[in-house]
Each structure stands twice: as structure tokens, then as C-alpha cells.
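This report refers to the structure that appears directly beneath it.
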Amino acid sequence: MRHFLEVDDLSVDELRRVLQLSGDLVPPKVLEGQGVALIFEKPSGRTRNSMEMAIVQLGGHPMYIKPEELGIDSRETAEDVVRVMAGYHAVLAARVFDHDRLERMAATDAVPIINLLSDVAHPMQALADLLTIEQEIGLADVGRVAYVGDANNVWRSLAIGCSMLGIDTAVASPPDHGPTEMDTDHVLALGGALLVTSDPQEAVNGADVIYTDVWTSMGQESQKEERLDAFERFRVDSTLMADASERGIFMHCLPAHRGEEVTNEVIESSRSKVFLQAHNRMHSARGLLSWLVGEAMEG
Ligand code: CP
Ligand code: NVA
């Protein structure tokens with residue numbers, strides 16, 4: 001039984017295969033007559049819509065479930081929910097506050113579990129990010145991928161995915177918002193170089209990709225004011241973009257808070273690939289799902 005809670009739940013070859021399948025414009029109907037349960041504990045625009053349409057393209061039936069309908073760990077345990085759902089659905093995908101809940105769901109090994117974003121990781125986003133980098137620059141050619149801002153779920157999955165493919169990354173964050181030692185050890189162990197700094201210019205210098213995400217993630221709303229102060233120097237603006245390579249592109253998982261982590265000018269510039277990234281969420285979701293219920297089942 002295979003699960004996808006973080007990008008390196010795949011081997012490097014499997015990651016490359018998923019990205020290849022993402023470009024398959026005649027999707028195999030591997031989900032014909034089957035359901036996929038989608039549970040969201042937090043709001044979502046891109047993830048829900050891209051997953052639902054990817055499932056439809058693979059011949060399956062997406063079923064959106066509000067967490068209050070299930071009462072995970074209140075009405076019944078997460079483990080019992082998964083074992084019941086496994087009788088109806090080929091895959092169970094969930095967006096959760098606490099990554100540990102996903103680990104417990106996967107540990108039942110009753111049905112493949114997909115992480116649709118947790119406090120720790122956002123691997124479905126990273127697949128779309130890698131697909132976008134492949135299309136815009138080429139995964140074999142891309143130089144440094146620089147991330148400016150909070151070393152959060154989106155950063156972690158992106159850094160892991162890049163490192164697996166031998167892509168060098170840099171991350172610039174304010175004190176107390178950078179990667180932990182465990183994070184840096186994890187990313188470095190996968191093969192890519194990683195520069196950790198508190199200087200955005202040092203991270204962006206000559207980079208081919210400049211990536212940022214919100215300063216306050218879902219679930220951190222009570223810290224918003226203190227984060228606005230802490231991250232003030234970490235806004236991606238045109239001056240910072242000028243330090244990127246000539247072909248350097250701007251990326252953001254969205255939703256964006258214009259004027260906070262990125263200026264309107266940068267996100268609206270020709271270097272910005274944010275909508276291509278968002279649209280690639282559907283193609284990469286299709287690639288991951290078709291691998292998970294197809295080749296992963298055989299092997
Ligand atoms: N990027 C992303 O996951 O967007 P949503 O939160 O809208 O799904
Ligand atoms: N880091 C953000 C990503 C949203 C897609 C969050 O967790 O809210």
C-alpha cells in the first residue's frame with residue numbers, strides 16, 4: 001500500500017514518472033467506477049478543484065466531505081474513518097491541521113492516503129511546482145531555486161522535491177522562521193545543495209526561480225501582526241527580482257497577499273508564472289493519481 005504524505009514518499013524514479021504522467025493528455029481511465037474521498041479541514045480553491053477535475057479525467061467520482069460530517073477523532077477515530085471509507089473509495093485525500101492525523105490514517109494501510117496540505121507539507125503543490133519549472137526552464141537545466149519567506153509546508157515540500165532531483169535551493173527567512181536543523185538535514189540528505197540565510201538578496205542572487213508564500217499560513221492567524229513585522233524585509237519586489245538570473249521566473253502557490261509577501265508589480269509581471277502553476281495543479285494531480293492507482297498497485 002503506497003501513500004503520498006510528502007514528496008519523498010516517492011523514489012526519484014517514481015517522482016520523474018509522476019511528472020511524466022502529468023503531461024499525458026489522454027489520461028487512462030484508471031479510476032473508472034471508483035470514488036476518491038476528499039476531506040478538507042481548511043479552505044481550498046486550487047486543491048479541491050484540481051483534484052476533483054483530475055479524478056473526473058481519470059474516469060472516477062470525487063466526493064467532497066466536510067470534516068464535521070465525519071467528526072474525525074470526535075465522532076469516531078481517524079483510523080476507523082479510514083477503514084470505513086476504504087470500502088467505498090480507491091483513495092482518501094485530506095487537508096488537515098495536524099500532520100500526525102495523516103500519519104495515523106496512512107498507518108492503517110486500508111486505502112492509499114494523499115496529503116492535500118498539512119502544517120508540515122504540501123506535496124501536491126510541489127508536484128505542480130516541479131512541472132512548472134520543467135515547462136519554463138527544464139529540470140535538467142534549472143539553476144538555483146530561491147525561496148524567500150516562511151520556511152513552511154510549501155517550502156519544505158518544494159525543497160525536498162528539488163533536492164531529490166539534484167536541484168540546488170536557497171531559503172531566506174527571518175530569525176525563528178527558517179528551517180529547523182531536522183529540515184536542513186533532511187533536504188541535504190536527498191542530494192541537492194541548500195543555502196540557508198537571513199538575507200533575501202543572498203538567496204536570490206543569480207537564481208532561476210524566486211518563490212514565496214504567505215507569511216501567515218492557515219491556522220496561524222493569531223500570529224498575523226507579529227509576522228507582518230518579522231517578514232517586512234522579505235517581500236519579493238522588483239528590486240529583489242533584479243538580483244535573479246536574466247531568465248529568472250517568479251512563483252507562488254497562491255493565494256497571494258499582494259503588498260505583503262509579493263508586490264503587485266512582481267506578481268503581474270511577465271516573469272510571474274503563478275497562474276500556470278495553479279493550472280498545473282490539475283495536471284500533476286492527474287499524474288500522481290494515475291500512478292498511485294495504476295503503476296503503484298502493480299509494483
Ligand atoms: N495552493 C493551494 O493549495 O491553494 P488552495 O489552498 O486554494 O487549495
Ligand atoms: N502555507 C500556506 C499555503 C496555502 C496553500 C498555508 O498553509 O496556509
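List of remarks:
- In segment 42-58, the residues that are over 18 Å from VAL96 (Cα atoms) and more than 8 Å from ligand 1 (Cβ to nearest atom) form Cβ pairs under 6 Å with partners that are basic (Lys, Arg) and part of a helix (DSSP H, G or I), at six or more places apart or across chains, as follows: ALA54/ARG286; GLN57/ARG286.
- Selected residue [in a strand (DSSP E or B), in contact (Cβ under 8 Å) with a residue 40 or more places away in the chain and farther than 21 Å from ILE249 by Cβ] from ALA106, ALA146, ALA121, ALA94: ALA94
- Residue satisfying condition, being touching a residue at least 24 places away in the same chain (Cβ under 8 Å), in a loop (DSSP other than H, G, I, E, B) and not hydroxyl-bearing (Ser, Thr, Tyr), within set GLY219, GLY294, GLY287: GLY219
- Check on GLY138, in a loop (DSSP other than H, G, I, E, B), on the phi < 0 side of the Ramachandran plot and either of a type outside the set (A, V, I, L, M, F, W, C) or touching a Ser or Thr at 6+ places or on another chain (Cβ under 9 Å) (or both): no
- Condition check for LEU228: touching a residue at least 12 places away in the same chain (Cβ under 8 Å), under 18 Å from SER163 (Cα atoms) and more than 16 Å from ligand 1 (Cβ to nearest atom): no
- VAL214 being without any contact (Cβ under 8 Å) to a residue 60 or more places away in the chain, surrounded by 22 or more Cβ atoms within 10 Å (Cβ to Cβ), within 16 Å of ligand 2 (Cβ to nearest atom) and more than 30 Å from ASP13 (Cβ to Cβ): no
- When VAL154, VAL171 are checked against the criterion of being part of a helix (DSSP H, G or I) and either modelled with pLDDT under 95 or buried (at least 18 other Cβ atoms within 10 Å of the Cβ) (or both), VAL154 stands alone in meeting it.
The values are calculated or read from the model by the stated rules, or taken from the named source; none is laboratory data. Keep in mind that this is a model prediction, so the values were computed, not measured. Neighbour counts run over all protein chains shown; Cβ positions are idealised from the backbone, glycine included.
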